[in-house]
1. Residues that are crowded, with 21+ Cβ neighbours inside 10 Å: find the helices (runs of 4 or more DSSP H) completely inside segment A:11-106 holding 1 or more of those.
2. Would you mind telling me which numbered condition in (1) in contact with a helix residue (DSSP H, G or I) (Cβ under 9 Å, 6 or more places away or on another chain); (2) within 9 Å of ligand 1 (Cβ to nearest atom) B:Val171 fails?
3. Wholly within segment A:129-230, which helices (runs of 4 or more DSSP H) include no fewer than the required count, namely at least 3 residues that are more than 29 Å from B:Ile116 (Cα to Cα), open to solvent by 20 Å² or more (accessible area, probe 1.4 Å) and in contact (Cβ under 8 Å) with a residue 40 or more places away in the chain?
4. Condition first: open to solvent by 20 Å² or more (accessible area, probe 1.4 Å) and within 16 Å of B:Glu190 (Cα to Cα). Now tell me which residues in segment B:212-249 satisfy that.
5. Pull up segment B:298-320, narrow it to residues that are without any contact (Cβ under 8 Å) to a residue 60 or more places away in the chain and more than 14 Å from chain A (Cβ to nearest Cβ), then point me to the one that is nearest to A:Gln307 (Cα to Cα).
6. State yes or no: is B:Ala84 open to solvent by less than 20 Å² (accessible area, probe 1.4 Å), away from ligand 2 (no atom under 16 Å from the Cβ) and outside any loop (DSSP other than H, G, I, E, B)?
7. Tell me which residues, restricted to segment A:282-307, are surrounded by 19 or more Cβ atoms within 10 Å (Cβ to Cβ) and in a helix (DSSP H, G or I).
8. Show me the helices (runs of 4 or more DSSP H) entirely contained within segment B:218-320 in which 1 or more residues are within 18 Å of B:Leu11 (Cα to Cα).
Amino acid sequence: MGKPIMFQWAINHAIAEEMRRDPTVFIIGEDVGKPGGPFGVTRGIIDEFGPERAVDTPISEGAIIGLCVGAAAAGLRPVAEIMFMNFITLCVEELYNQASKMRWMFGAQVKVPMVVRAMTAGGYGAGPHHSSSLESWFASMPGLKVVMPSTPVNAKGLMKAAIRDDNPVLYVEPLSSYRIKAEIPEGDYITPIGKCEIVREGTDITIVSVGRMLQEALKAVDVLEKDGIKPELIDLLTINPLDMETIYASVKKTNRLVIIHEAKQTMGIGAEIAASVQEKMFDWLDAPVERVAAPFTHIAFQPKLEQHYLPDATKLVAKVKQMLG
Amino acid sequence: MKISKETKIDLFTRMVKIRTFEDETHKIFMAGKEMPGFLHLSQGEEAMAVGTCANLTFDDAIYTTHRGHGCIIAKGADLKPMMAELFGRIDGCCKGRAGSMHFADVKTGCMGSNGIVGEGMRLAIGTAFAQKYQKTKNVTAVFFGDGATGTGAFHESFNMAATLKLPVIFVCSINFYAQMTHKSVHIPIEHVADRAAGYGAPGVTIDGNDVELVYEEVSKAVKHCRAGKGPYMIEGITYRHHGHFIGDPCNYRPAGELEEWLKKDPIVLYEQKLLKEGVLDEKRIQQIKEECKNLVDEAVAFARQSPQPDIEELYKDILA
Ligand SMILES: Cc1ncc(C[n+]2csc(CCOP(=O)(O)OP(=O)(O)O)c2C)c(N)n1
Ligand SMILES: [Mg+2]
C-alpha cells in the first residue's frame, strides 16, 4: 500500500494517470482548467496537459455533455464535470436521449466512451438546488452505467474503470467524502464496474450501502457489533448495472436485508433491490426487506430539517434493531 | 433626464441598506454557527440592483440569482423575514426552507432567487407572458451575471421574449467572474449586450457602478417594455468586492484588481457626488447610515428570536 491520500486526490490521480496513458482522454467543464475545479479536484491537470486537454467552458451543461457525446462518438474519451448533481437536470437530454441510446439506436456503429462526474452535497445546508441525490433516475437508463465510489481506494479504481469503459458512465462523488483519507494500492489498478464489495462479513443481516452511506453503515455496524449483532455489510459501488448475485448470496446467509441510500426512498435503488430480492429469494427471507433513505419531500437548507431528511448511522441502527426484533 | 432630489436620496439609501445588510450578514456568517449553508454576497454591485428596482413597483416582477440579497432589498422587501430566512427560522420569507440562494418574497414582486444559473431568465419570460396576457402594463426584470450569458436559458429566453414581444428587462451584471473563471475565458465578445441585436432587441452596455446611469437606462427599458415593444437588455460593468461565496480565498484575482475597483465603489462615488451637489451633507449621510444599521440590527434581533421550524414543516406545502 502507498501513503494515505484524500478521496479528491484519488480522483485527480486516476484522471491524470489515464490522461498520461491515453492521449484521447481530456477533461471539460466549468472551472476545471485554470481554477483546478470548483472544489480543487482537477488541480494541476491543466499545468501538465495544457488547456487543449483541460477545457474551461461557459456555463452550458447541455452543450458540455452534448460535446462529450459527439466527441466520444468521434473517438475521444471525455471526462466532464457537472459540479453539483442538481445541475445535471440541464443535460438529462444529452445523457438520456443521446448518450444512453446512441450505440443501440445506430445499430452498434458507434461507441460512446465518456465519464460524467457529478457531486452530491447533502449535509452542507446547500439547499434545494444543490443537495439532491438523483442517481436513481440514471439507474433506470439502459446504455448508461452509474458508479458511486465510497472510499479513496475505489474512487481511484472506479474512475480508471469508467475512463476505460466503452460506454457512458455517470460517476457520483460525494462532497462530504472529498477529505476522507486512506492508503491506496500503488501502481495501476481498477475497481470493476458492476461488482459490489463485501466490506464486513456477518451472519445476522445484510446491509447494502450506497455511495457515501458506507461511512454511516460502518458506524452503525460498529454499534451493532457491540450489541452482539453481526451484520454483513455490502458496498454497492455500481448502481447500474446492479450486482444482484452478490446480494442474493449474502441474503442466503443472513436471511435479512436492509438498504441504506441518501436519495429518496420512493422509486430509489433500494426499491429495485428489494423487489428483485423478494422475486428471487422469497423463501430465504425471515423478514420484509427494509430501506433507510430520504423521505418523500424536498431537502431543506435548514440544518435541523436537513438532518431529519438525510439517512444516517442512528437511523440505520434503529432499523436493524427493529428488524431483528 | 432630471432626477429629483428625493429620488437621489432614495437611490443612495437603498444602496446603503444593501451594503449594511451584506456586511452584517458576512460578519454573522464568519462568526460561526448561526447561518447555515452557502452565501454569495453582492457588495460592490448595489448600483445595478438599485438603479433597476427604483424604476419598478411591487406589481412589477424581478427574478434574481444566487447573489440576490441586494436585488430583493432594492425591490423593497422587509429585512426581517429576509434575515430570518438566512438564519433558517420559521419567520423567514420562505419559512426557513430556502436560505440565501433560493429567497423569494412574492408580495413585493421578488419572484425568486435561483440556485441554478440562468434559470431565472426562463421563469421571467413566463411572468412577463402573464403580465402581457392579463393586459397589465407591468414588466419583469431579470438579473443575471456574466457567467449566465453562457446558458441556453439566456439565448432561448431572450429569443422567445423577442419573438413574443414580452416585457422583460434583461439586466446583466458583469462582475468579471463566473466563480473563479474570468469573463475573457467564457465570453468570446467584449460586450454581451451586443447579442440583443441578434434577437432584434435594444441592448446597451453601461457603467454599472453609476447608479443614476443605471436608473436612467432602466427607465428607458421600462418605458419600452410598458409600450409593448418587447425585451430590452442592459449590461452593467461592475465588480464583486468579496469572493464568489463567503470563504472563497479569491486567489484567481490579479494583485491590485480589487483595490482599483474599490476606488470605483458605487456607494462611495455616489456619496461624493451627492455631497458635491449639495443634495446631502455629512450629517444626513451619517444619519442614513445609522438608520440602515438600525434596520439591519432589528432584522438580526428578529431572526434570532424566531424559532427553528418543526420537523413537520418539511412535509407541508409540497402540493397546493
Ligand atoms: C446551471 C448551473 N451551473 C453551474 C452552477 C455553479 N455556479 C454557481 S454560480 C456560478 C457562476 C455564475 O457566474 P455569474 O453568472 O457571472 O454570476 P456571479 O456569481 O458572478 O454573480 C456557477 C458556475 C450553477 N449554480 N448552476
Ligand atoms: Mg459574474
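1. On the way: elements: A:45-49, A:61-73, A:101-105.
The qualifying helices (runs of 4 or more DSSP H) are A:45-49, A:61-73.
2. Only one criterion in (1) in contact with a helix residue (DSSP H, G or I) (Cβ under 9 Å, 6 or more places away or on another chain); (2) within 9 Å of ligand 1 (Cβ to nearest atom) is unmet by B:Val171, namely (2).
3. Working: elements: A:135-139, A:152-164, A:213-226.
In segment A:129-230, the matching helices (runs of 4 or more DSSP H) lie at A:213-226.
4. B:Ile237
5. B:Gln305
6. On the way: open to solvent by less than 20 Å² (accessible area, probe 1.4 Å): yes; away from ligand 2 (no atom under 16 Å from the Cβ): yes; outside any loop (DSSP other than H, G, I, E, B): yes.
Yes, satisfied.
7. A:Leu305, A:Glu306
8. Numbers: elements: B:257-262, B:266-277, B:282-305.
Because the criterion is at least 1 residues that are within 18 Å of B:Leu11 (Cα to Cα), the helices (runs of 4 or more DSSP H) in segment B:218-320 that meet it are B:266-277, B:282-305.
The values are calculated or read from the model by the stated rules, or taken from the named source; none is laboratory data. As the structure is a prediction and not an experimental result, all values here were calculated from the model. Using ideal geometry, Cβ is built from the backbone for each residue, glycine included, and neighbour counts are taken over all protein chains shown. These area figures cover heavy atoms from the full protein model, side chains too; ligands, DNA and RNA do not enter into them. Shrake-Rupley method; radii C 1.70, N 1.55, O 1.52, S 1.80 Å.
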